[in-house]
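The values are calculated or read from the model by the stated rules, or taken from the named source; none is laboratory data. This structure is a prediction, so every number in the text was calculated from the model and none was measured. Glycine gets a Cβ as well: all are built from the backbone with ideal geometry, and neighbour counts include every protein chain shown.
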Amino acid sequence: MKAMVLEKPGQPLQLVERPDPLPGPGQVQVAVSACGVCRTDLHVVDGDLNEARLPIIPGHEIVGKITALGDGVDGFDIGERVGIPWLGYSCGCCRYCVSGDENLCDEPGFTGYQIDGGYAELTVADARYCFALPGPQSDAESAPWLCAGLIGYRSLMMAGEDCQRLGIYGFGAAAHIVAQIARYQQREVYAFTSPGDTAAQAFALEMGALWAGDSNQTPPCDLDAAIIFAPVGSLVPAALRAVRKGGIVVCGGIHMSEIPSFPYHILWGERMIRSVANLTRQDALDFLTLAPQIPVRTRVEEFPLHQANEALHALRSGNLTGAAVLRP
Ligand SMILES: [Zn+2]
Ligand SMILES: [Zn+2]
């Protein structure tokens with residue numbers, strides 16, 4: 001099979017020919033049809049996240065059809081369409097796994113980080129962490145659901161059920177999915193983009209935002225909560241200033257530049273800051289049930305597999321509307 005491989009952080013991915021991976025016990029082999037390009041992949045490639053098992057095939061928004069079953073796989077058939085997300089393994093016995101917080105597992109395995117991912121023609125995955133993807137949406141459209149959708153959904157849950165006025169900082173793949181869910185739940189969406197990014201602001205309005213503006217602007221009203229998807233630490237105090245007393249600021253990204261110091265009074269009034277780490281399989285079941293009902297439509301830009309570096313570059317430079325997706 002062909003795969004795009006990260007040999008060393010800071011270097012471009014290499015197109016290599018590898019033997020087809022065979023499914024071990026409990027694993028499925030999947031022919032990758034689409035794999036989303038997530039900001040986390042950029043952080044792995046750049047070495048901001050430095051626990052990658054190298055060399056590694058990145059990619060954790062995988063959609064494809066099962067081509068082989070390992071021993072003992074239950075509940076999946078050959079030919080079935082599945083999605084493979086970021087959480088590829090959890091130990092099942094640490095305090096977090098036992099209490100239902102497997103997203104915080106002490107010994108996790110993440111797809112495209114410690115476990116070879118979807119920037120390839122074939123991949124194998126632990127069947128217990130794969131999800132059936134029935135439904136009419138295309139493979140390319142579904143791929144961003146597997147991380148941007150799931151993490152976005154978890155971030156929205158952390159914003160609180162009574163959050164009526166929701167701010168979203170950074171309007172890319174995750175945000176455009178979250179905005180659709182929030183609108184479906186009859187919440188108001190206020191979108192913040194890089195100053196002057198009128199294309200992203202127009203996109204946000206098209207996706208149902210009530211207001212869109214620059215990240216250094218004050219929204220027209222106090223927000224109940226804000227989710228930060230852009231990996232920019234200075235947005236934390238900006239978002240704190242935008243939320244009301246008791247409001248919540250959710251950091252939805254896995255890596256962020258340093259957060260500058262800020263005066264206590266913008267946190268005062270029982271405002272909260274929290275991060276969202278990874279996902280649980282229950283998040284995936286909940287989101288993958290909800291998304292087709294809305295239905296969530298995903299804006300994607302497709303790239304052939306060998307152009308993975310170009311896709312990463314487009315994401316890095318902000319030249320994407322929606323989500324980049326590789327088509328092996
Ligand atoms: Zn665990
Ligand atoms: Zn991701």
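General remarks:
- The condition (being within 16 Å of ligand 1 (Cβ to nearest atom), in contact with a Phe, Trp or Tyr (Cβ under 9 Å, 6 or more places away or on another chain) and of a type in the set (Lys, Arg)) is satisfied by just one residue among 128, 95: 128.
- The set of residues in segment 270-289 being surrounded by fewer than 17 Cβ atoms within 10 Å (Cβ to Cβ) and either among the hydroxyl-bearing types (Ser, Thr, Tyr) or modelled with pLDDT under 95 (or both) consists of 275, 289.
- 1 or more residues among the polar types (S, T, N, Q): qualifying strands (runs of 3 or more DSSP E) within segment 1-105: 14-17, 27-37, 62-69
- Scanning segment 184-216 for residues that are in contact with a Leu (Cβ under 9 Å, 6 or more places away or on another chain) and not small (Gly, Ala, Ser) yields 184, 185, 187, 188, 189, 190, 192, 211.
- Among the criteria (1) in contact with a Phe, Trp or Tyr (Cβ under 6 Å, 6 or more places away or on another chain); (2) within 16 Å of ligand 2 (Cβ to nearest atom), the one residue 104 does not fulfil is (2).
- Any hit, segment 229-243, residues being assigned to a loop (DSSP other than H, G, I, E, B) and over 16 Å from residue 168 (Cβ atoms): yes
- Here residue 51 meets the list (1) surrounded by fewer than 17 Cβ atoms within 10 Å (Cβ to Cβ); (2) more than 18 Å from residue 128 (Cβ to Cβ); (3) more than 16 Å from ligand 1 (Cβ to nearest atom) almost entirely, failing just condition (3).
The rows are residues; the columns are (1) farther than 21 Å from residue 113 by Cα; (2) crowded, with 19+ Cβ neighbours inside 10 Å.
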position: 222; (1), (2): yes, no
position: 225; (1), (2): yes, yes
position: 242; (1), (2): yes, yes
position: 268; (1), (2): yes, no
position: 315; (1), (2): no, yes
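- Residue match in segment 74-86 (condition: at pLDDT 95 or above and within 16 Å of ligand 1 (Cβ to nearest atom)): yes
- Within segment 100-122, residues that are under 20 Å from residue 327 (Cα atoms) and touching a residue at least 24 places away in the same chain (Cβ under 8 Å) sit with their Cβ atoms under 7 Å from residues that are more than 9 Å from ligand 1 (Cβ to nearest atom) and of a type in the set (S, T, N, Q), at 6+ positions apart or across chains, in these pairs: 116/123; 117/111; 117/123; 122/29.
- Filter result for the condition that a residue is in contact with a Leu (Cβ under 9 Å, 6 or more places away or on another chain) and either within 19 Å of residue 249 (Cα to Cα) or free of Cβ contacts under 8 Å to residues at least 40 places away in the same chain (or both), over 177, 151: 151
- Taken over segment 143-160, the criterion of being assigned to a loop (DSSP other than H, G, I, E, B), crowded, with 24+ Cβ neighbours inside 10 Å and more than 8 Å from the chain's Cα centre (by Cα) is satisfied by 159 alone.
- Matching residues, segment 277-313, being touching a Gly at 6+ places or on another chain (Cβ under 7 Å) and among the small types (Gly, Ala, Ser): 291
- Odd one out for residue 10 among (1) in contact with a Cys (Cβ under 6 Å, 6 or more places away or on another chain); (2) without any contact (Cβ under 8 Å) to a residue 40 or more places away in the chain; (3) of a type in the set (Gly, Ala, Ser): (1)
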